[in-house]
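To keep things clear, I will list the structure first and then write my remarks on it.
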Amino acid sequence: MIEVVRLSKHYGDKVAVNDLSFTVRPGIVTGFLGPNGAGKSTTMRMIMGLDRPTSGSATVNGRPLAEHRAPLREIGALLEAKAIHPGRSARDHLLALAATTGIPASRVDEVLELVGLRNVARKRAGAFSLGMGQRLGIASALLGDPRTIMLDEPVNGLDPDGILWIRNLLKGLAAEGRTVFVSSHLMSEMALTAEQLVVVARGQLVADVPVVDFVQNAVSDRIRVRSPQATDLIRVLSGPGVTITSTERGALDVIGLTADVIGDRAFAAGYVLHELTTERASLEEAFMAMTKDLTEYSTGKAA
Ligand SMILES: Nc1ncnc2c1ncn2[C@@H]1O[C@H](COP(=O)(O)OP(=O)(O)OP(=O)(O)O)[C@@H](O)[C@H]1O
């Protein structure tokens, strides 16, 4: 469990995190979503105790991380590309890390297996691809078998296989009852990975919602309707909460009704339909609309 309460961080005049409060619960993947510069990395650094809050607090499993006797067992984090000695093998890197924290060597082999690096465990990490480097970073985060896992933009720059692998790993860790907190600036990725979303823009909380609610509320499907009786059809489709636009003759774009309802009403009124297509608004569009005001304010202020 991670609890962030009224957390703020100022760098001189710059407000990186602004009175942010949220809770990350165990058993699910929680996505930490926001445009670049929204304050995600700063928040994660404060959770890890690497940055001191200007005000407010962040606790991991009930206490500030520094107050835990064995912090590596409480939280494992991948914050940014780790500085790994390029001449050292993946196994030696993990062994060195394990030795400093009293973790047995057998656990090193376990995590190497878990992240799929067993076959290259003795190769120089300097020769690793970006994806292999990410796997090694995740192996480091999992070394202490932590109850909470926090990853900052883990899929950045990965190929589709790597993205799918991370997605499944995170879901698996959550299914084991762990707390999983993962940041991204990509709504579409978070929609596939997370159950809960904490959305921030310009250091402030924009939403803390289940992904299903976000998808349902923020995304309005647009239904494309073509009919030789389009003008008459407008009359039977109009109503509260329904927006109908027409960009070409005989075609309507309807927001606020499902394709089923439109089909039923057209049939009941005896109108012919030549097309009835549901166009899903992209999640990325919904996310941008949600954070737009705060982002624009930010730009205005900086200018
Ligand atoms: N050490 C620092 N000194 C001054 N400003 C900083 C520092 N660290 C972060 N900032 C500023 O604070 C804001 C939030 O940055 P942060 O890196 O936390 O955002 P982010 O959401 O993680 O974005 P990104 O995905 O681009 O890393 C940015 O405007 C950034 O320039």
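No value in this document is a laboratory result; all are computed from the given coordinates. Everything quoted here is computed from the prediction, not taken from an experiment. When we count neighbours, we look across all protein chains shown, and the Cβ atoms used for this are built from the backbone with ideal geometry, even at glycine.
What ranking do 232-239, 141-148, 180-187 get when scored by the average of other Cβ atoms within 10 Å per residue, highest first?
Packing proxy ranking, top to bottom: 180-187, 141-148, 232-239.
Label separation (Arg69 vs Thr23): 2.6 nm, computed from points 7 Å beyond Cα along the C-beta direction.
Full extension of the segment from Thr100 to Ser246, taken as 0.36 nm per residue of separation minus the current Cα-Cα distance, would add 45.9 nm. So for region 2-213, averaging the separation of alpha carbon pairs under 8 Å that are six or more residues apart and normalising by length, what relative contact order in percent results? Relative contact order here is 32 percent. Cα-based values for region 220-280, radius of gyration first and Dmax second, are 10.0, 27 Å. Charges were assigned to the Cβ only: +1 to each Lys and Arg, -1 to each Asp and Glu. The resulting dipole of the chain about its Cα centre is roughly 980 debye.
Express as a percent, rounded to the nearest 5, the fraction of DSSP beta bridges in the chain (both residues included) that run antiparallel. Can you show the working numbers first?
Working: 34 of 52 bridges.
Percentage antiparallel, nearest 5: 65.
The simple spin-label model puts a point 7 Å past each Cα toward its Cβ; for Asp208 and Lys14 those points are separated by 2.6 nm. Mean residue ellipticity at 222 nm, helices only, the chain: -11500 deg cm²/dmol; runs of at least 4 DSSP H residues each add -39,500 (n - 2.57), and the sum is divided by the number of residues.
Ranked from largest, the principal axis spans of the Cα set of the chain equal 77, 47, 36 Å. Principal-axis analysis of the Cα atoms of the chain puts helix 105-114 at an angle of about 20° to the longest axis. Maximal additional length on extending the Arg88-Thr278 stretch stands at 63.0 nm, based on 0.36 nm per residue less the C-alpha distance. In this label model, Glu176 and Asp159 are separated by 2.7 nm, measuring between points 7 Å along each Cα→Cβ vector. Rounded to the nearest 10 degrees, the inclination of helix 283-302 to the longest alpha-carbon principal axis of the chain is 70 degrees.
Cβ neighbours within 10 Å, averaged per peptide: list 29-38, 170-179 in order, most packed at the top. Walk me through the intermediate numbers first.
Numbers: 29-38: 23.1, 170-179: 17.3.
So the peptides 29-38, 170-179, ranked by packing, come out 29-38, 170-179.
Under 12 Å from a label point set 7 Å out along the Cα-to-Cβ vector of Ala259, the amide N atoms of region 206-236 belong to 222-226. From the alpha carbon centroid of region 19-79 to that of region 145-177 is 17 Å.
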